[in-house]
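Comments concern the structure below.
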Amino acid sequence: MRRRAAVVGAGHTRFGALNESPRELLRAAVDQAYGSVDKGLTPLDIGEGFLGTLGFSGWQLGNASAVLAEEARITGAPVTRVENACASAGFALRSGILAIESGARDLILVAGVEKMTDAPSRRRRYWLGVSGDTEWERMAGLTFAGVYGLMASAHMREHGTPVEALAEVAVKNHANALKNPNAHLRKAISREEVLASPLVADPLRLFDCCPVSDGAAALLLAGEDVAHRFTDTPVLIAGAGAGSDALALQDRRSMTRLAATRRAADEAFQRAGVERSDVDFLEVHDCFTIAELLALEDLGFAAPGGAAALELSGATRLGGERPVNPDGGLKAKGHPIGATGASQAYEAFVQLRGSAGDRQVRGAETALAHNVGGSGASATVTLFSVG
Amino acid sequence: MSRSIVAGSRVEPSGELGGVPVPGPDEDAFTLSVAAIDRLPWPVAGFPVRQVQPFGPFPPALAGDLGEALGRPGIDVRPARPLPELGAGLISLLDDPTEEGGVALVLPTSVPQGAPVPPRISEAIALGFARGPGVRLRGSSLPAGGADGARIDDLVQELRGHSSARRAASDPRPAPAGRDVEVDGGMAWSETRTPVGGRFQWESPAAYSQGSSADPWLVSEGAYLPWPTYLAHRSGRWRLAAAECGACGARFFPWRGSCPNCGRSDRLERRELSRSGLEVEATTVVHPGAQPSEFDLQAGSSGSYEVVVARADPHIRVTLQLTGASPGSVRIGDRVDAVLRRLFPLEGAWRYGLKAIPAAPMAGTTA
Ligand SMILES: [Zn+2]
């Protein structure tokens, strides 16, 4: 049987407009991850490290992984920066999982970090578009808000998706974030407020968009055969999948479905040997509200066009049949680009260990995390289960 | 005997031109000249056009190789020259009894309205006009030219009215004003250039470096399309030229060196897609603050803009910013035409690319 990886520790900084530098954020997340290991851990036992970061605003465009090695005090071990835009940490996590599953490593550090709020506005807008298609989408005047606005318009046209369903995603995720002390936007909002907020990229409004956030998250992975050295309650990575698609929306077969997500989900479920009905809650990539609807459809939890009704039914709320984004999602918890994939895995770790506090999904045994790069050029899906 | 086509397109900085509103902020002498070439009957009946000699306030790097940029093989493009010298050269070309080809002269002038065209150019145009079909410059001192002249007038008028008149009809907003959106007046290209690494760099026109809320001569702060790469692909970019693989039949866009379907590179053929009547499949209106920083100047002067994804071929879609119509006025299912427009200034040069305008009604159809 395949050797599986397990999460034995995890750390998470607050997300938001923070004073700390990327180095300080990384150190805080890693130290918290170290501290979370029940039986302790010696950093120098870590075999390898993977860092997810876009390097937003150019803070350390090349060789950023060395910063992780320094701040985690593992200098000497190989470290690699993994960059797949907003899915950077999802793919860093995947690299760590593969290293353990292959038997090459026993203990891995995965971290993600982004510092986005301290760049001047123009520079920030420049960087918010760097992961889109440079040759066409960007030259047409699009950043991701615009690209997701296009996708939303096509989805509405194809399925009659109501704006109320988009608003419901924002309302739900804001409500969840109120219960997450690490969340960026801890403010309840109403559907009316969402629908009255200024348009950003029609039909998407301000409250349909995730905030620009700083933050970091870190994970410690071990082979399931050695995990007991670190904790008696590891969280198993049951299966991981990933996929890719054309960079530009115009080059995709469909503008309302993410092929990368579908492929990643199929692979993850197949490898994990679990069914969708086994999943107790989902962490999905909701950089814009429309993205949560697309995710539920592409992950196979709703038929194409069916996610709106699912959201409006309340089934995705905390306490609902299958909660989606109990931590507030990118939408309200915040979206420090390179940290998001690790943050989702952090949520799976604390939830499946029953330590998520006010936002605990009761009895959760299986969780799914879904991380998307850009508008769907890349995606990871990871399934977690109690050890 | 040689014959000539002379297409004149003039851009005024403000006000009206012959009763037609001035072009939008994304039009300039260059885009109008390209449009002029597009509107010419091509190849011009009876002879292949051999020469294009653009001059005037063109971006210098684009003036010298317009033919190549437009994917018109066989066009011999000469560099910009002072008007009288160019006129003299044209006259000698027209007078050459051995000259078998035709001449297309594109004149994007910044001559003030009503002012005479410099004498040698007038002479050349008159000579060319006398020798064959020609298009005279409106407002110039040339004779009207009888029936041909009327036809030519129509052509120029059509060219000029192509987008502007429609914009005037569909967009109730007042024409944008101010230095940032001046078209020709603000496009005084500095002739001071310095070779840098085998290429040229241009100094910023003073008009843009003063009083503007945002420095349009941005230096890239990260990922972008570098100027040489942009130049290398401009033909396909501006002409919507796809590649068709003769081995497997796949069509793809933009052009790339090998077929993404079968991987072969030996049987690729250039296929210009129609730039008319593309069906819109997705739309969004980008509001100020959501634009990439290259578009700060535009967003600051004219606010929100619409972006559409439109189908150009059963297998090819393109993403285009809408111009010449109010943002939000184009819906999914509508049709648009793709036109060359100025996009944004970066590192001392304007970037040009396709934008979308509401499609012209199809000939022969009625509402
Ligand atoms: Zn082929």
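The values are calculated or read from the model by the stated rules, or taken from the named source; none is laboratory data. A quick note: this is a predicted structure, and the numbers were derived from the prediction, not measured. Every residue, glycine as well, gets a Cβ built from its backbone with ideal geometry; the counts of neighbours run over all protein chains shown. Calculation scope for accessible area: heavy atoms of the full protein, side chains included, ligands and nucleic acids excluded. Shrake-Rupley method; radii C 1.70, N 1.55, O 1.52, S 1.80 Å.
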Selection over the stretch B:244-264 where residues are free of Cβ contacts under 8 Å to residues at least 24 places away in the same chain and more than 9 Å from the ligand (Cβ to nearest atom) yields a count of 4
Tally up the residues in the stretch B:265-279 that are within 9 Å of the ligand (Cβ to nearest atom) and assigned to a strand (DSSP E or B), please.
1
Of the residues in the stretch A:151-188, those that are away from every other protein chain (no Cβ under 14 Å), open to solvent by less than 40 Å² (accessible area, probe 1.4 Å) and not aliphatic (A, V, I, L, M) come to A:Glu168, A:Lys172, A:Asn173, A:His174, A:Asn176, A:Asn180, A:Asn182
Contact list please: Cβ distance under 8 Å, first residue in the stretch B:280-293 and farther than 13 Å from A:Gly149 by Cα and within 7 Å of chain A (Cβ to nearest Cβ), second residue open to solvent by less than 20 Å² (accessible area, probe 1.4 Å) and assigned to a loop (DSSP other than H, G, I, E, B), pairs at least six apart or on different chains.
B:Pro292/A:Gly129; B:Pro292/A:Gly141; B:Pro292/A:Leu142; B:Pro292/A:Thr143
Matching residues in the stretch B:225-243 (within 16 Å of the ligand (Cβ to nearest atom) and more than 24 Å from B:Val336 (Cα to Cα)) number 0
Please give the number of the condition B:Glu347 fails out of (1) at pLDDT below 85; (2) open to solvent by less than 20 Å² (accessible area, probe 1.4 Å).
(2)
Of the residues that make up the stretch A:56-67, is at least one without any contact (Cβ under 8 Å) to a residue 60 or more places away in the chain and within 22 Å of A:Gly376 (Cα to Cα)?
no
Determine whether the stretch B:357-367 contains at least one residue that is over 30 Å from A:Pro211 (Cβ atoms), of a type outside the set (A, V, I, L, M) and at pLDDT 95 or above.
no
Taking into account only those residues within the stretch A:123-150 that are of a type in the set (Val, Ile, Thr) and facing chain B (nearest Cβ under 7 Å), which is farthest from A:Ala291 (Cα to Cα)?
A:Thr134
Do the conditions hold for A:Asp327, that is, is it touching a residue at least 24 places away in the same chain (Cβ under 8 Å), open to solvent by less than 10 Å² (accessible area, probe 1.4 Å) and among the charged types (D, E, K, R)?
yes
